[in-house]
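Below: one structure, written as structure tokens.
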Amino acid sequence: MTGPPLPLAGRRVLVTRTREQAEGLVDRIHDAGGSVAVVPLIATVPVAEPDAIAEIAATTLAAPQPRWVAFTSATAARLVIGAAGAPALSGMLVAAVGPATASALEASGVTPDLVGGERDAGGLADAMLERGMRGATVWIPSAEGARVDLAARLRGAGAAVTVHHIYRSVMPAAAPELLRAAFAAGVDAITLTSGSTARNLSQAMAADGVPASAVIVCIGEQTAADARAVGLAVRAVAREASVEGLVSALTECLSPQRLR
């Protein structure tokens with residue numbers, strides 16, 4: 001006897017980050033019976049020399065305690081540790097925006113002292129402010145164009161904050177062609193996991209438009225707001241900003257019946 005069909009059986013989902021960047025999203029969609037088209041909409045271009053990263057790490061380490069380094073992406077964590085080495089962070093308190101960034105740190109031999117609960121800069125700010133920031137020195141290695149809310153809130157609480165742009169997120173040159181091919185083959189849903197993926201999707205499909213039949217599902221409210229700001233019609237937002245939350249939102253949009 002066969003059981004009921006898997007919730008995403010017969011559905012094809014467009015994932016807009018690489019399989020490695022998507023934190024198991026591709027596997028979870030497959031587990032739910034769906035098929036996946038992977039079209040990465042973000043490529044990382046380093047903009048800071050390794051020596052400059054190591055120099056700021058040393059400057060932060062020489063500041064009075066408490067001294068923090070706050071990572072708002074796994075990419076920033078990998079670039080900093082690749083340039084300065086894990087021992088360069090040993091005299092700092094290390095904050096990570098969420099589990100994926102924490103995992104990238106741990107894979108490089110660094111155990112975070114604090115992990116934000118909401119997987120965005122606002123959640124990280126809340127968690128850091130609970131620890132007390134007056135008189136603290138905070139280094140935030142980040143992407144060009146990243147939101148400044150975290151730095152502003154920490155400064156408002158009395159911290160000395162250095163925002164250091166170490167990489168730039170760009171759209172891969174092949175993305176528009178790959179998107180058109182994916183849509184031509186049929187796509188039931190599109191997952192967006194950051195404002196950058198939303199903006200690059202809109203830019204890549206500016207001439208043709210995103211097919212109205214493909215529902216757009218976002219990992220969090222900030223990503224959804226960024227998507228709406230560039231004219232994308234968001235169908236659903238994950239209740240929890242995680243891979244599991246995203247797959248649940250996909251399932252509710254695409255299955256014949258809502259989850260009970």
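Where a number appears in this text, it was derived from the coordinates with a stated rule and is not lab data. Just so we're clear, the structure is a prediction, and the values are computed from it rather than from any experiment. Cβ: placed from backbone, ideal geometry, glycine included. Neighbour counts: every protein chain shown.
Near residue 237, the amide H atoms lying under 5 Å from its own belong to 218; only residues 5 or more places off or on other chains count, and H is placed 1.01 Å from N.
Near residue 131, once Lys and Arg are set to +1 and Asp and Glu to -1 for all other residues with Cβ below 14 Å from its Cβ, the sum equals 0. Around the amide H of residue 215, modelled in the peptide plane, lie the amide H atoms of 189, 190, all under 5 Å away and 5 or more residues distant in sequence or on another chain.
Between residue 45 and residue 106, residue separation times 0.36 nm minus the direct Cα-Cα distance comes to 19.7 nm. Residues in the range 143-155 carry Karplus couplings, in order, of 7, 4, x, 5, 5, 9, 4, 4, 4, 4, 5, 5, 4 Hz; the curve used is 6.51 cos²θ - 1.76 cosθ + 1.60 with θ = phi - 60°, and Gly or Pro positions show x.
Shape class for the range 45-168, computed from the alpha carbon gyration tensor (a ≥ b ≥ c): rounded, with a/c under 1.5.
Summing -39500 (n - 2.57) over the DSSP H runs of n ≥ 4 in the chain and dividing by its residue number, what mean residue ellipticity at 222 nm do you reach, to the nearest 500 deg cm²/dmol?
-11500 deg cm²/dmol
Under the convention that each Lys and Arg Cβ holds +1 and each Asp and Glu Cβ holds -1, the size of the dipole of the chain around its Cα centre is about 420 debye.
Averaging Cα coordinates gives a centre for the range 181-260 and one for the range 77-139; these two points are 29 Å apart. Between the helical axis of 121-131 and the longest alpha-carbon principal axis of the chain there is an angle of about 40 degrees. Within the shell defined by Cβ-Cβ distances under 12 Å, the residues around residue 36 carry a net charge of +2, with Lys and Arg each +1 and Asp and Glu each -1. Shown in residue order for the range 181-196 are the 3J(HN,Hα) couplings computed by the Karplus curve 6.51 cos²θ - 1.76 cosθ + 1.60 at θ = phi - 60°: 5, 5, 5, 5, 7, x, 9, 8, 8, 10, 9, 10, 10, 6, x, 5 Hz (x for Gly and Pro). Each peptide among 209-215, 72-78 gets the average number of other Cβ atoms lying within 10 Å of its residues, and from highest to lowest they stand as 72-78, 209-215. If both residues of a DSSP beta bridge must be in the chain, then about 10% of such bridges are antiparallel.
Can you bin the range 106-145 into rounded, prolate or oblate? Criterion: square roots of the alpha carbon gyration tensor eigenvalues sorted a ≥ b ≥ c, rounded for a/c under 1.5, prolate for a/b above b/c, oblate for the rest.
Rounded, since a/c falls under 1.5.
Looking only at the range 45-168, where both bridge partners belong to it, what percent of the DSSP beta bridges are antiparallel (to the nearest 5)? Counting only bridges with both partners in the range 45-168, antiparallel ones make up about 10 percent. All other residues whose Cβ lies under 14 angstrom from that of residue 13 are scored, Lys and Arg at +1 and Asp and Glu at -1, for a net of +2.
What do you get for the angle between helix 74-84 and the principal long axis of the chain? Use alpha-carbon atoms, 0 to 90 degrees, nearest ten. For 74-84 against the chain, the angle is about 40 degrees.
Of 198, 224, 182, the residue with the greatest mean-square motion in the GNM of the chain, using alpha carbon springs below 10 Å, is 182.
Database remark: amide H of residue 142 closer than 5 angstrom to the amide H of 164, 165, 166, 167 (H placed geometrically; neighbours at sequence offset of 5 or more, or on other chains; Pro and chain starts carry no H). A dipole drawn for the range 45-168 from +1 and -1 charges on Cβ atoms has a positive end, and of 111, 162, 99 the residue lying farthest that way is 162. When a/c is below 1.5 the answer is rounded, else prolate if a/b is larger than b/c, else oblate, so apply that to the range 128-260 with a ≥ b ≥ c taken from the square roots of the Cα gyration tensor eigenvalues. Oblate shape, in that a/c is at least 1.5 and b/c is the bigger or equal ratio.
Between the helical axis of 243-254 and the longest alpha-carbon principal axis of the chain there is an angle of about 20 degrees. About its Cα centre, the range 45-168 has a charge dipole of approximately 200 debye under the convention of +1 per Lys or Arg Cβ and -1 per Asp or Glu Cβ, with nothing else charged. Subtracting the Cα-Cα distance of residue 126 and residue 58 from their residue separation scaled by 0.36 nm leaves 21.8 nm.
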